[in-house]
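Enquirer: Take a look at this one; I'll ask things after.
The values are calculated or read from the model by the stated rules, or taken from the named source; none is laboratory data. Worth saying up front: this structure is predicted, and the values here are computed from it rather than measured. Because the Cβ atoms are built from the backbone with ideal geometry, glycine has one as well, and the counts that use them run over all protein chains shown.
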Amino acid sequence: MKFKYRIKITFAHLNPEGTVHHFEYARIFGIVRELFGLQVIPDFKEEIGRKYLLVTKDAAYNYLHPFYFGDEMVVKMWVSQIKDDRFTLLAEFINEKDRKVHARGSQTIVYVNLKGIPTPMPEKIKLAIENVKEEKPFCN
């Protein structure tokens, strides 16, 4: 199962060349990641920041085709790996009109306690994110 989010590209997303700026992909990934947490992880809203944190260990983006003002971007996000204290999120940034993948991103997320120490994830969280896990790294 993939988590999906749609966004209309506005001038606020663009660089001087008129395409989506590279840091916007990271910002959009972060927004989708939070919405993913709200929808997928039990008690996320009540517990994040109060019982644990999800810290980005690393992030990478691959840009294939530009997005422009007015384009409809669909972000598909899923989990590719789960370990005791971390998981990897993958995302594809797809143009709704041509259905092509215009960019790809990944983040390794570490489950840490409020002191910032990596800690094994509770079983309820591991089971919840297992439902959005896909073995295939990226779609074609």
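Enquirer: What number of residues within the stretch 89-118 satisfy the criterion of being closer than 19 Å to VAL20 by Cα and among the hydroxyl-bearing types (Ser, Thr, Tyr)?
Expert: 1
Enquirer: Now for a different question. Considering only residues that are at pLDDT 95 or above and among the small types (Gly, Ala, Ser), look in the stretch 53-90 and name the one that is farthest from LYS115 (Cα to Cα).
Expert: GLY70
Enquirer: I'm checking my understanding of the structure. Among residues of the stretch 61-114 that are of a type in the set (Gly, Ala, Ser) and closer than 15 Å to ILE28 by Cβ, which one is nearest to the chain's Cα centre (by Cα)?
Expert: Filtering the stretch 61-114 down to residues of a type in the set (Gly, Ala, Ser) leaves 70, 80, 91, 103, 105-106.
Checking the rest, the ones that are also closer than 15 Å to ILE28 by Cβ come to 91, 103, 105-106.
On the way: ALA91: 6, ALA103: 12, GLY105: 8, SER106: 7 Å.
Step by step, filter the stretch 61-114, then rank; the result is ALA91.
Enquirer: Then there's this: When the stretch 18-42 is examined, which residues are found to be touching a residue at least 12 places away in the same chain (Cβ under 8 Å) and not in a helix (DSSP H, G or I)? Steps first, answer last, please.
Expert: Start the filter on the stretch 18-42 by keeping residues that are touching a residue at least 12 places away in the same chain (Cβ under 8 Å), which leaves 18-20, 22, 25-26, 28-29, 31-33, 35-37, 39-42.
Those that are touching a residue at least 12 places away in the same chain (Cβ under 8 Å) and not in a helix (DSSP H, G or I): GLY18, THR19, VAL20, ILE41, PRO42.
Enquirer: A further question on this structure: Could you say which residue among PHE87, PHE69 is surrounded by 13 or more Cβ atoms within 10 Å (Cβ to Cβ), among the hydrophobic types (A, V, I, L, M, F, W, C) and within 17 Å of LYS2 (Cα to Cα)?
Expert: PHE87
Enquirer: Restricting attention to the stretch 8-17, which residues are part of a strand (DSSP E or B) and surrounded by 17 or more Cβ atoms within 10 Å (Cβ to Cβ)?
Expert: Of the residues in the stretch 8-17, the ones part of a strand (DSSP E or B) are 8, 14.
Of everything in the stretch 8-17, just one residue is part of a strand (DSSP E or B) and surrounded by 17 or more Cβ atoms within 10 Å (Cβ to Cβ), namely LEU14.
Enquirer: Within the stretch 111-122, can one find any residue that is closer than 27 Å to ARG6 by Cβ and out of contact with any helix residue (DSSP H, G or I) (no Cβ under 8 Å at 6 or more places or on another chain)? Walk me through it before giving the result.
Expert: Step one: of the stretch 111-122, the residues closer than 27 Å to ARG6 by Cβ are none.
No, the stretch 111-122 has no match at all.
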